[in-house]
Amino acid sequence: MATLFAEPELTDEQATTPAGAPPAGDVAKPDTATPGKGSSGAASAPPVIVEKLRNVAKGMLAPLLGILAFIGLWAVLAPQVDTSLGALPGPAEVAEQGIALFDEWVAAEEAEDQFYVEQDARNEAAIAAGNPAAVRDFEYAGPPTFLDQIFTSLKTVALGFILATLVAVPIGLLAGLSPAFNAAINPLVQIMKPVSPLAWLPIVTMVISAMISSADPMLPKAFVISALVVMLCSLWPTLINTAVGTSSIDKDLLNVGRVLKLGFFAKLTRLVLPASLPYIFTGMRLSLGVGWMVLIAAEMLAQNPGLGKFVWDEFQNGSSQSLARIMFAVIVIGLIGFLLDRMMMALQSLASKNHTL
């Protein structure tokens, strides 16, 4: 291969040296190539991925052992607990009902598709027969499956969480910036914060029933009731953390804003919000956890389709499979709550690393 440099001239001593032999005065060095180096002598990349996988495996070992130990104790102790519906289901029975619930969802999806196929065929036949008045477009009215109720619960908690955030963040910012406003609302916050969702539900139900009186509202009445109960019970952590974060901003930073003669909106968006953003996300994470816990009780009593109603219906059903289905729903509720918390933790970490003043 051609190089960019000319070859140097050989001295007499180098010219008489046999090819491949070391120059005079030099001692032949043994090959000290280490594993991981190719024939060219260049070191290969360190096994970073392998090391990371090893660290992940070590970190997951203890949790996996804990889960396996819990499942083992559950399998051993469950048959010894007798209930009105028989022995307490073990892990195998609960997993079996989980598979059955998934199969029910697949069958319901197939039935819905078949319904619309048959409806389209009837409408096409009516049009071909010259009778367009016979065309009917009905919506499939089958009962909601377990997966459908999971999505309903997620939509309900999302609406309640968004409403709680929209209410709590502005009030928390004002409370953090104004000691007088903070002192005015502090007694109300301390009184309202520990109120149970079971106490809020009758009040919210009566108010929403009076406000939504149309036969076909944009949102189902029970859905709105559950979302508002979630909002009323979950806004307090966000409000309190926002107020604490805003009040703990460095006073020198606010003085800089005064020197620059920033308006209220500019000071809020350029100084206050970036500095208090980690506190706000911490409060939002706590609020989402509270909202998810409150949601199940709200759905049970409001009879809004969702995981809470599913648990209540199975309890009222009282079949031999109901207890296993309830336990499977409890596991799903816990897993969804865990995933929601991890999601908010990731957003909180991102906000803490990337917020700028």
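From the list Ser322, Ser287, the one residue that fits, being within 25 Å of Lys193 (Cα to Cα) and touching a Leu at 6+ places or on another chain (Cβ under 9 Å), is Ser287.
Does Gly142 qualify as being surrounded by 11 or more Cβ atoms within 10 Å (Cβ to Cβ), part of a loop (DSSP other than H, G, I, E, B) and free of Cβ contacts under 8 Å to residues at least 40 places away in the same chain? It is true that Gly142 is surrounded by 11 or more Cβ atoms within 10 Å (Cβ to Cβ), part of a loop (DSSP other than H, G, I, E, B) and free of Cβ contacts under 8 Å to residues at least 40 places away in the same chain. Looking at Val311, Val330, Val290, just one residue is without any contact (Cβ under 8 Å) to a residue 60 or more places away in the chain, of a type in the set (A, V, I, L, M) and in contact with a Lys or Arg (Cβ under 9 Å, 6 or more places away or on another chain), and that residue is Val311.
Suppose we keep only residues that are open to solvent by less than 60 Å² (accessible area, probe 1.4 Å) and not in a helix (DSSP H, G or I) within region 307-357. Which one would you say is farthest from Gly283 (Cα to Cα)? Step by step, filter region 307-357, then rank; the result is Ser319. With the structure loaded, tell me whether Ala302 is open to solvent by less than 30 Å² (accessible area, probe 1.4 Å), within 15 Å of Ser153 (Cβ to Cβ) and modelled with pLDDT under 85 or whether it fails that test. Yes. Do we have any residue at all in region 126-133 that's more than 30 Å from Met293 (Cα to Cα), polar (S, T, N, Q), out of contact with any strand residue (DSSP E or B) (no Cβ under 9 Å at 6 or more places or on another chain) and in a helix (DSSP H, G or I)? No: region 126-133 contains no residue that is more than 30 Å from Met293 (Cα to Cα), polar (S, T, N, Q), out of contact with any strand residue (DSSP E or B) (no Cβ under 9 Å at 6 or more places or on another chain) and in a helix (DSSP H, G or I). Taking region 262-284 as the range and being under 21 Å from the mean Cα position of the chain (by Cα) and surrounded by 21 or more Cβ atoms within 10 Å (Cβ to Cβ) as the test, the residues that pass are Tyr279, Ile280, Phe281, Thr282, Gly283, Met284.
Yes/no matrix, rows are residues, columns are (1) in contact with a Pro (Cβ under 9 Å, 6 or more places away or on another chain); (2) without any contact (Cβ under 8 Å) to a residue 24 or more places away in the chain; (3) open to solvent by 60 Å² or more (accessible area, probe 1.4 Å); (4) of a type in the set (D, E, K, R):
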{"residue": "Gln97", "(1), (2), (3), (4)": "yes, no, no, no"}
{"residue": "Leu101", "(1), (2), (3), (4)": "no, no, no, no"}
{"residue": "Glu104", "(1), (2), (3), (4)": "no, no, yes, yes"}
{"residue": "Ala107", "(1), (2), (3), (4)": "no, yes, no, no"}
{"residue": "Ala111", "(1), (2), (3), (4)": "no, no, no, no"}
{"residue": "Gln114", "(1), (2), (3), (4)": "no, yes, yes, no"}
{"residue": "Asp120", "(1), (2), (3), (4)": "no, yes, yes, yes"}
{"residue": "Ala126", "(1), (2), (3), (4)": "yes, yes, no, no"}
{"residue": "Ala134", "(1), (2), (3), (4)": "no, yes, no, no"}
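The values are calculated or read from the model by the stated rules, or taken from the named source; none is laboratory data. What you are looking at is a predicted structure, and each value in this text was computed from that prediction instead of being measured. We place every Cβ from the backbone using ideal geometry, glycine too, and count neighbours over all the protein chains shown. All accessible areas refer to the heavy atoms of the entire protein, side chains included, with ligands and DNA or RNA removed. Shrake-Rupley method; radii C 1.70, N 1.55, O 1.52, S 1.80 Å.
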